[in-house]
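A.B. asks: Structure in structure tokens, see below.
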Amino acid sequence: MRKSVVAIVGRPNVGKSTIFNRLVGDRISIVEDIPGVTRDRIYSKAEWLNNEFNLIDTGGIESGDEPLLVQMREQAEIAIDEADVIIFLVDGKSGITAADEEVAKLLFKSNKPVVLGVNKMDNPEMRETIYEYYSLGFGEPFPVSGAHGLGLGDLLDKVVSYFPEQQEPEEDDETIYFSLIGRPNVGKSSLVNAMLNEERVIVSDIAGTTRDAVDTRFSREGQDYVITDTAGMRKRGKVYETTEKYSVLRALKAIERSDVVLILIDAETGIMEQDKKIAGIAHQEGRAIVIVVNKWDTVESNEKAMREFEEQIRVHFQFLEYAPIVFLSAKTKKRLHTLLPVINMASENHVKRIPTNLLNDVIMDALAINPTPTYKGRRLKVLYSTQVAVKPPSFVVFVNDPELMHFSYERFLENQIREAFDFTGTPIKIFVRKRQ
Ligand code: GDP
Ligand code: GDP
């Protein structure tokens with residue numbers, strides 16, 4: 001099911017980031033150990049009245065030293081392209097400025113619903129001026145104060161009222177939904193095309209074409225797949241297209257719509273910081289992951305080169321040690337046939353269920369190999385474990401006191417589980433709970 005996307009637009013200093021942070025709370029800093037992910041405060045999940053949506057702070061997407069007006073235009077364009085509903089924010093202390101009118105003009109031309117927020121209305125007396133803002137042409141202006149958290153409920157009521165009706169997702173467990181993510185020019189579009197033109201691949205239909213992605217359904221050897229191509233839909237030539245933050249945004253969309261994510265790396269240019277950032281998000285979201293080193297035709301291809309590249313990947317992507325690596329060339333199609341089997345394997349492991357008795361046998365053996373840690377004279381007791389979810393496989397370990405579970409011991413248990421059961425290609429989660 002696709003979550004609605006809401007974007008906050010407005011000239012600098014009206015309070016976009018303040019409102020953004022308020023709406024997403026502290027949910028944004030879930031992961032600390034993945035480089036870069038938490039620093040990008042531009043895109044996050046938010047929730048209002050049981051509506052989960054994704055929120056973008058377009059103010060965070062800056063494209064270098066462009067003049068202000070150009071940047072604002074780009075940010076408005078991104079909002080128009082990406083969002084289902086736009087929050088247009090102005091500053092209630094300074095009144096309407098020429099820059100606000102510029103933004104208004106751009107938004108007016110889009111067919112997207114726009115909700116007007118007038119920020120910095122910190123006290124009730126200020127609300128008397130609210131009527132001036134009708135002149136922007138977006139209907140009722142909502143007075144808010146990002147700093148004090150006022151008025152946001154009414155604003156959000158209006159925002160969610162524009163969300164499209166969500167259809168129940170089809171129960172279709174057999175199909176593998178996957179997508180490709182990576183920096184611009186790593187070869188995402190080329191690889192999608194190459195896969196769809198492979199022998200014995202039967203493209204059945206374009207399952208759905210939306211503004212932001214093309215979903216293509218195909219099958220091979222009896223297995224159904226849907227590949228989501230967000231790259232193919234991009235607005236070629238737009239200035240912001242190659243900016244780093246925009247490509248993160250694209251990656252987030254692709255990740256959201258798939259179970260298996262292929263992280264593409266360019267063999268020619270090697271691993272870059274941005275690759276890690278994008279990979280970190282896929283990991284954090286619990287997707288099955290396959291690392292694909294594309295453009296393998298550009299390097300001298302032998303076992304040694306492959307081993308060396310693999311070592312590099314393992315050093316740079318330590319959090320993805322479970323991810324298999326495929327080397328191929330979308331251009332020459334060399335080794336392309338090795339990809340689908342690996343996708344199948346990752347997908348299978350992503351939905352794998354371990355019977356409780358087998359799981360507990362493994363945990364008991366683990367406890368015997370490596371005694372549980374003690375803290376202040378008390379020893380951790382592991383009582384019982386059970387798998388509670390798939391996609392990704394998630395386990396609850398019941399203990400006498402969760403405080404006694406040390407990170408390294410949890411890590412040890414994860415490794416023991418991975419050794420006993422094949423979870424190649426998928427993250428697994430372990431929750432430690434107190435047994436009442
Ligand atoms: P952005 O550039 O649109 O993202 O704006 P920021 O969120 O960075 O805010 C710009 C300035 O306005 C900061 O100094 C904020 O502290 C201030 N600000 C944001 N919201 C409010 C508000 O509701 N009331 C007041 N008085 N100041 C605010
Ligand atoms: P995207 O931006 O990630 O979708 O990348 P594209 O698919 O548009 O590819 C970017 C460029 O890389 C194009 O010029 C492709 O022809 C080239 N390219 C893609 N795959 C390969 C490959 O396997 N080998 C080589 N040598 N070039 C490739």
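The values are calculated or read from the model by the stated rules, or taken from the named source; none is laboratory data. Note that the structure is predicted; figures quoted are calculated from it, not measured. Cβ: placed from backbone, ideal geometry, glycine included. Neighbour counts: every protein chain shown.
A.B. asks: Would you confirm whether or not region 394-411 contains a residue that is surrounded by fewer than 13 Cβ atoms within 10 Å (Cβ to Cβ), of a type outside the set (D, E, K, R) and farther than 21 Å from TYR225 by Cβ?
C.D. replies: yes
A.B. asks: Here's something else I'd like to know. Taking region 19-64 as the region of interest, how many residues are modelled with pLDDT of 75 or more and aliphatic (A, V, I, L, M)?
C.D. replies: Residues in region 19-64 being modelled with pLDDT of 75 or more and aliphatic (A, V, I, L, M): 7 in total.
A.B. asks: Right, here's the next one. Tell me, yes or no, whether region 54-63 has at least one residue that is in a strand (DSSP E or B), acidic (Asp, Glu) and either within 16 Å of ligand 2 (Cβ to nearest atom) or not assigned by TED's automatic domain parsing to the domain that holds ALA251 (or both).
C.D. replies: Within region 54-63 (the criterion being in a strand (DSSP E or B), acidic (Asp, Glu) and either within 16 Å of ligand 2 (Cβ to nearest atom) or not assigned by TED's automatic domain parsing to the domain that holds ALA251 (or both)), the answer is yes, since at least one residue qualifies.
A.B. asks: Quick check on this structure: which one of GLU132, GLU140 is in the same structural domain as ASN21 (by TED's automatic domain parsing) and either within 16 Å of ligand 1 (Cβ to nearest atom) or in contact with a Gly (Cβ under 8 Å, 6 or more places away or on another chain) (or both)?
C.D. replies: GLU132
A.B. asks: If ALA79 satisfies all but one of (1) surrounded by fewer than 24 Cβ atoms within 10 Å (Cβ to Cβ); (2) farther than 29 Å from GLU128 by Cβ, what's the number of the condition it fails?
C.D. replies: (1)
A.B. asks: A follow-up question, please. What about GLU300, is it within 14 Å of ligand 2 (Cβ to nearest atom) and not aliphatic (A, V, I, L, M)?
C.D. replies: yes
A.B. asks: Follow-up. Evaluate the following for ILE271: is it in contact with a helix residue (DSSP H, G or I) (Cβ under 7 Å, 6 or more places away or on another chain), at pLDDT below 95 and in a helix (DSSP H, G or I)?
C.D. replies: In short, no.
A.B. asks: Still on this structure: Scanning for something small (Gly, Ala, Ser), without any contact (Cβ under 8 Å) to a residue 40 or more places away in the chain and either surrounded by fewer than 21 Cβ atoms within 10 Å (Cβ to Cβ) or part of a strand (DSSP E or B) (or both), does region 115-126 turn up at least one residue?
C.D. replies: no
A.B. asks: Somewhere in region 294-310, is a residue touching a strand residue (DSSP E or B) at 6+ places or on another chain (Cβ under 6 Å) and in a loop (DSSP other than H, G, I, E, B)?
C.D. replies: Yes: one or more hits.
A.B. asks: Kindly evaluate ALA323 against the criterion of being assigned by TED's automatic domain parsing to the domain that holds ASP266 and part of a helix (DSSP H, G or I).
C.D. replies: Against the criterion (assigned by TED's automatic domain parsing to the domain that holds ASP266 and part of a helix (DSSP H, G or I)), ALA323 does not qualify.
A.B. asks: Considering only region 290-349, state which residues are farther than 16 Å from MET195 by Cα and in contact (Cβ under 8 Å) with a residue 60 or more places away in the chain.
C.D. replies: PHE319, TYR322, ALA323, PRO324, MET345, ALA346, SER347, ASN349
A.B. asks: Does PRO143 satisfy being within 22 Å of VAL85 (Cβ to Cβ) and at pLDDT below 95?
C.D. replies: In short, no.
A.B. asks: Sort through ASP422, ASP401 and tell me the only one that's modelled with pLDDT under 95 and acidic (Asp, Glu).
C.D. replies: Result: ASP401 is the single residue among ASP422, ASP401 that is modelled with pLDDT under 95 and acidic (Asp, Glu).
A.B. asks: Could you check, for region 189-199, whether at least one of its residues is in the same structural domain as ASN294 (by TED's automatic domain parsing), more than 16 Å from ligand 2 (Cβ to nearest atom) and free of Cβ contacts under 8 Å to residues at least 24 places away in the same chain?
C.D. replies: Yes, the conditions are met somewhere in region 189-199.
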